[in-house]
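Worksheet for the structure shown next.
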Number of protein chains: 2
Amino acid sequence: MSTQAVSDAALAAFADALGPDAVLSGDVSSYADPFAPGDAASYAPSAVVLPSNVEDVRAALAVANRFRVPLWTVSTGRNFAYGGAEPRVNGSVVLDLRRMKRIIEIDQTLGHALVEPGVTYYDLHRALGTPRRFWLDPPAAGWGSVIGNTLERGYGTTPYGDHAAQQCGMEVVLANGDIVRTGMGAMSASRDWQVFKSGFGPSYDGMFMQSNFGVVTKLGVWLMPAPEGYMICRYAFAREDDLERVVDTLRPLRMDGTIQSNAVIESAVRWAAGVSTRKDWYDGPGAMPDEAIDAMARKIGIGRWNLRFCLYGPLSLVKARRDIVHARFADIAGATLFEMPYRDASVEPEGGGDRAQVGIPNMEAFNLLNWRGGSGAHVDFSPICAPLGREAATQARMVRERAAQSGFDYYGGFTMGERAMHHIFAAIFDRDDPQQSRAAGTLIETLIREAGAAGYGQYRTHLAFMDLAAAQYDFNDRALMRLSETIKHALDPNGVLSPGKQGIWPAKRTSGGGAP
Amino acid sequence: MSTQAVSDAALAAFADALGPDAVLSGDVSSYADPFAPGDAASYAPSAVVLPSNVEDVRAALAVANRFRVPLWTVSTGRNFAYGGAEPRVNGSVVLDLRRMKRIIEIDQTLGHALVEPGVTYYDLHRALGTPRRFWLDPPAAGWGSVIGNTLERGYGTTPYGDHAAQQCGMEVVLANGDIVRTGMGAMSASRDWQVFKSGFGPSYDGMFMQSNFGVVTKLGVWLMPAPEGYMICRYAFAREDDLERVVDTLRPLRMDGTIQSNAVIESAVRWAAGVSTRKDWYDGPGAMPDEAIDAMARKIGIGRWNLRFCLYGPLSLVKARRDIVHARFADIAGATLFEMPYRDASVEPEGGGDRAQVGIPNMEAFNLLNWRGGSGAHVDFSPICAPLGREAATQARMVRERAAQSGFDYYGGFTMGERAMHHIFAAIFDRDDPQQSRAAGTLIETLIREAGAAGYGQYRTHLAFMDLAAAQYDFNDRALMRLSETIKHALDPNGVLSPGKQGIWPAKRTSGGGAP
């Protein structure tokens, strides 16, 4: 489908209101989905508006309402594999907040920061200074926006790995231009905006996550007090079906806080993709066969499943935790228990994954893009999994088998939070190969459908699958979606804000059209 | 003001829909505020409706909408000191959910429960069985509803003390009768309702807390895995101005999780009121003078400030934690460091406060009602306080001085969460003494006003002060309240649900009238 153009009058109005250098039109292909699976060109934006401050955001909203132009808000648009900066409605204007990049406050006593949408994990990390009194929790790719990642409920691997849970206080511009501050920020005289989340009365922060109800222009994040030291632990498990016992051993240790950090259980291919490429091990047709995976694992010194976590604190506590954890996992036959020495917090580990565990942003997760060669891309299947061995085994088997049928390796893993696991499978493909791209898209769609039928819901998904994933949340004839639509209509009656995001469509379709 | 009656036609319709035994009219004075400060009779309800299930709730909402009758929802209405079951609009019909008391599920592997509004902390504790694999976190008064306390953002003193944070999944009946389930509960096929909070898309749980947007009919709560053992620690600090160092020493220990539980810092009077009455120590006019407090503290063996917390886990971890904590507090001159021995989790401590710290509901907090004699009652001042010594000292001084001016002792304390403190001061009065009642009400109102001017907001308040407390959340000409009103109007256009709760009034006033 060709790009629908936004009217010249609307573009002129944006330029009038925000200044001509705040509007990009013509070739805005850099805002297209960089990892588009299949044929995603139908979502192309028509222009980009770049506000520099909250007043610019309000001005852009006023123009969008006047001309009924759909805006697609991105903080910096770097959530590759979920769609990047691309909108869901053809001809949308991208509201790109990357120029709003002030770190408004860092409190080095109470351990929190207040940032604008353009602030990346790298930016905030740098601003924390040396030696770091507080750490942030970086997601897999450190170049992303702190606000963007938090609003999408991204996560990392330190004790502060649940980004949505560590958020405290928001400033949101509503579609009508009203500026709302949540929690204690709603009290002008308060100094506790980043101290206490809820304030007084209903709390709206969760409502502005994964939503299209407003434009978040400031967000508070809690930072982790730098511990005295840390110990990174890694365990390798020899057999595919060890997964069940690994999960059931890990769950109580996470739930009672013996292991403080989000622990990661990675398949052999996922680990190997961080340190090698596929053709180092296998160059035949179809998914890597078991024998090739085993040979690769032996050679690299990893297991079919690999567990990584980090213990934090003074030596006495880390040592006591380590002894408890070690004793539990030593029971699993064929387990290899590696560990790094206890290190002072000021000493950085080498690898990217390990650096993330001590709060240092990096981009090593992108190594996976080289796995299959060509122009590497990936698209992800992201269901929630209960922290039960049998559930993890069921999901892993389901995905591995279905992936293999279309020639994809099981690049998968589970991140174990305190109460739930994120199961992430990446379909890695060469985006210059149309057949691989389409196959990746088809595979993810199939997995979402089959998982939904089995009772496994997505926590997040690529643009192309948002309606599908949302439709699976079907209780009482989609009552939750009716609630979302009611609120959408109340807050954004013209439907200008990110129509279609997470499957939420306004009652009135905006002029951009192109909706399914 | 006399009670405005609900119409006979409306009462008949409620009885028709729910059955005659589900409607109480005539004398419903047992639903009046049991601890009403000053003249609160203007809020009297006119009738009570008692649904037995979700269909009854829907039927009651239909009648309320048809007759434009204001409903005032309570789970069981036992939040004494904040208003009990009493409504904010004269002539309201109380929607009392106490008959809905099913414990729908307890998962003894994943550690969660799904309950209805009538389930109390006692009920759930009993249902957890013996030996307990999981603990709940009881609030000060164990007779309250789990849902009621959680929705009001109550808290306790174990590591699961932030009740709102430990909530996972809700079922809500909207004013139009639509039944919504949040999080993974929105997916019919999912088994993960109590596993993962957010689901897919916007999250609404926070919006249904301290609000009047729906009737919560089911709620999931996470339970704490029973630790191997525990050690209750108590420290006494001799001087009033030790508070500052106590807070600054405690903050980093709570923030990095060395102390896992919500720690409580109590004034001498608050401690003493648990174990004695005022006339044991002082019987003169005005607030207890310093010398009397000091003499009392010496006699009981407590400090001007008293810190209580509990360490949980296997002996090795508890011991390591205890050594760290002890060393830090030993630096404060005049500190007395008590501690109870490490105990196996199956061994119960004696006192009520101590029992709460091992997850056992009790009612000993009500001992305070005897402090002043007569028909004891209290009304609370409940500001959030940043966990900074100077802030705590400022708030404590402000309250102590103002309280003394009207003859009230400083029955106060701070509960230290990971990131914020709740400062609670109770004005204890004899409710048969009109002058004391009025003085208590006036004092709390004065404190809220003065605290607000100083930038300290309430996290919760009595019915009589909800409009005042809400008005202090004034950023951008009360933008947060405009958002609440917009959502209120969208979800409850007739304004039948708990009008005035937390200061949120519907656009159309319902027939009950009586609003300020």
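Solvent-accessible area of A:Leu95, probe 1.4 Å, all protein chains present, reported in Å² to the nearest ten, please.
Accessible area, nearest 10 Å²: 0 Å².
Just how large is the dipole of region A:123-237 about the Cα centre, in debye to the nearest 20, putting +1 at every Lys and Arg Cβ and -1 at every Asp and Glu Cβ?
220 debye
Counting pairs of alpha carbon atoms under 8 Å apart in space and at least six apart in sequence, what relative contact order in percent does region B:164-265 give?
26 percent
How long is region A:8-96 along each principal axis, judged by its Cα atoms, biggest number first, in Å?
The principal-axis extents, from largest down, are 37, 23, 20 Å.
Taking the highest mean first, how do the peptides B:183-192, A:332-341, A:192-201 order by number of other beta carbon atoms within 10 angstrom per residue?
A:192-201, B:183-192, A:332-341
Which percent of Cα pairs goes in each bin when the distances of region A:209-281 are cut into 10 angstrom slices starting at zero?
12, 29, 26, 25, 7
Nothing charged except the Cβ atoms of Lys and Arg (+1) and of Asp and Glu (-1): what's the magnitude of the dipole of chain B about its Cα centre? Round to the nearest 20 debye.
The calculation lands at about 560 debye.
In Å, what Kirkwood hydrodynamic radius results for the protein assembly as shown from the alpha-carbon pair distances?
29.7 Å
For region A:103-225, what ratio Rg/Rh do Cα atoms give with a Kirkwood hydrodynamic radius?
0.94
Need one word for region A:352-428: rounded, prolate or oblate. Basis is the Cα gyration tensor (sqrt eigenvalues a ≥ b ≥ c); a/c below 1.5 gives rounded, then a/b vs b/c decides.
oblate
What's the magnitude of the charge dipole for the protein assembly as shown around its Cα centre, counting Lys and Arg as +1 and Asp and Glu as -1 at the beta-carbon? Answer in Debye, nearest 20.
80 debye
Whole Å is fine, so just give me how far the alpha carbon centre of region A:13-54 lies from that of region A:289-359.
Rounded to whole Å, the Cα centres lie 43 Å apart.
Please give the calculated 222 nm ellipticity per residue for chain B, where each DSSP H segment of at least 4 residues contributes -39500 (n - 2.57) and the sum is spread over every residue; nearest 500 deg cm²/dmol?
Calculated from helices alone, the mean residue ellipticity at 222 nm is -9000 deg cm²/dmol.
Using a 1.4 Å probe, how large is the accessible area of A:His489, given in Å² and rounded to the nearest 10?
90 Å²
Please average, across the residues of B:378-384, the number of beta carbons from any other chain that are within 10 Å of each residue's own beta carbon, and give a whole number.
Per-residue shielding by partner chains comes out at 2.
Kindly sort A:Arg372, A:Arg270 by accessible area of their heavy atoms, largest first, with the probe set to 1.4 Å.
A:Arg372, A:Arg270
Test of understanding: extend the Cα→C-beta vector of A:Ser52 to 7 Å, then name every residue of region A:6-38 with backbone N under 11 Å from that spot.
Answer for this model: A:18-22.
Give the relative contact order (percent, whole number) for chain B; include only Cα pairs under 8 Å separated by 6+ residues.
Contact order relative to length: 18 percent.
With the label 7 angstrom out along Cα to Cβ, how close does B:Asn370 come to the same site in each of the other copies, in nm, nearest first?
7.5
Which one, A:Gly334, A:Ala377, A:Met398, projects farthest toward the positive side of the charge dipole computed for region A:308-403 from Cβ point charges (K/R +1, D/E -1)?
Positive-end residue among those listed: A:Met398.
Label position 7 Å from Cα toward Cβ: report the copy-to-copy distances for B:Arg126 in nm, one decimal, ordered from shortest.
Spelled out, the distances from B:Arg126's label point are 6.2 nm.
Return the equivalent ellipsoid semi-axes of region A:229-465 as a descending list in whole Å, where each equals the square root of 5 times an eigenvalue of the C-alpha gyration tensor.
Semi-axis lengths for region A:229-465 are 30, 20, 17 Å.
Strictly over 29 Å apart at the Cα level, which of B:Lys218/B:Lys319; B:Lys218/B:Lys501; A:Lys197/B:Lys279; A:Lys197/B:Lys218; B:Lys299/B:Lys319; A:Lys197/B:Lys488 would you flag in this model?
B:Lys218/B:Lys319; A:Lys197/B:Lys279; B:Lys299/B:Lys319
Let me check I've understood the local charge: for A:Ser498, count other residues with C-beta under 11 angstrom from its C-beta, Lys and Arg +1, Asp and Glu -1. What total comes out?
Net charge in that neighbourhood comes out at +2.
Check the straight Cα-Cα distances from B:Lys101 and name the aspartates and glutamates below 12 Å, setting aside those fewer than 8 residues away within the same chain.
Cross-link targets: B:Glu116, B:Asp123.
Using a 1.4 Å probe, how large is the accessible area of A:Lys319, given in Å² and rounded to the nearest 10?
Number for this one is 100 Å².
Could you tell me the calculated FRET efficiency between A:Arg390 and B:Ala507, based on Cβ-Cβ distance and R0 = 60 angstrom, to the nearest 0.05?
0.70
State the residue of chain B whose Cβ is nearest the axis carrying B onto A, and the distance in whole angstrom.
Smallest Cβ distance to the axis, with its residue: B:Ala490, 2.
Kindly identify region B:204-348 as rounded, prolate or oblate by the Cα gyration tensor criterion: order the square roots of the eigenvalues as a ≥ b ≥ c, call it rounded if a/c is under 1.5, otherwise compare a/b with b/c, prolate if a/b is larger, else oblate.
Note, shape of region B:204-348 comes out oblate.
Across the residues of A:452-461, average count of Cβ atoms on other protein chains within 10 Å?
For this peptide, the per-residue mean of nearby foreign Cβ atoms is 4.
Expressed in nm², what is the orientationally averaged projection area of the convex hull enclosing the Cα positions of region A:367-516?
Seen from a random direction, the Cα hull of region A:367-516 projects 10.7 nm² on average.
So for chain A, taking the charge dipole from beta-carbon charges (+1 Lys/Arg, -1 Asp/Glu), which of A:Trp193, A:Gly142, A:Phe475 sits furthest toward the positive end?
A:Trp193
So how do A:346-353, A:465-472, A:106-113 stack up, highest first, on mean other-Cβ count within 10 Å?
Those peptides, ordered most packed to least, come out A:465-472, A:106-113, A:346-353.
Give me D for region B:415-497 in µm² s⁻¹, whole number, from Stokes-Einstein with Rh from the Kirkwood sum over alpha-carbon pairs, 20 °C and 1.002 mPa s.
Calculated translational D: 141 µm²/s.
At 7 angstrom along the Cα-to-beta-carbon line, where would the label on B:Lys299 sit relative to the other copies? Give the distances in nm, shortest first.
Ordered by increasing distance: 8.3 nm.
Please state the relative contact order of region A:88-222 as a whole percent: Cα pairs under 8 Å, 6+ residues apart?
So the answer I get is 23 percent.
What net charge do the residues around B:Val28 carry, taking every other residue with its C-beta under 15 Å from that of B:Val28, with Lys and Arg at +1 and Asp and Glu at -1?
Net charge in that neighbourhood comes out at -4.
Any idea what diffusion coefficient region B:162-250 gets from Stokes-Einstein, in µm²/s, Kirkwood Rh on alpha carbon pairs, 25 °C, 0.890 mPa s?
151 µm²/s
With r defined as the distance between the Cβ atoms of B:Lys299 and B:Ala454 and R0 fixed at 45 Å, what FRET efficiency is calculated, to the nearest 0.05?
That gives a FRET efficiency of 0.80.
Measuring from the lowest to the highest alpha carbon on each principal axis, how far does chain B reach, largest first, in angstroms?
68, 56, 44
Over all residues in A:386-392, what is the mean tally of Cβ atoms on other chains that come within 10 Å of each residue's Cβ?
Partner Cβ neighbours, averaged per residue: 3.
Can you tally the net charge around A:Leu18? Count Lys and Arg as +1, Asp and Glu as -1, for every other residue whose Cβ sits under 12 Å from the Cβ of A:Leu18.
-3
The values are calculated or read from the model by the stated rules, or taken from the named source; none is laboratory data. Just so we're clear, the structure is a prediction, and the values are computed from it rather than from any experiment. Every residue, glycine among them, receives a Cβ derived from its backbone with ideal geometry; neighbour counts consider all protein chains shown. Calculation scope for accessible area: heavy atoms of the full protein, side chains included, ligands and nucleic acids excluded. Shrake-Rupley method; radii C 1.70, N 1.55, O 1.52, S 1.80 Å.
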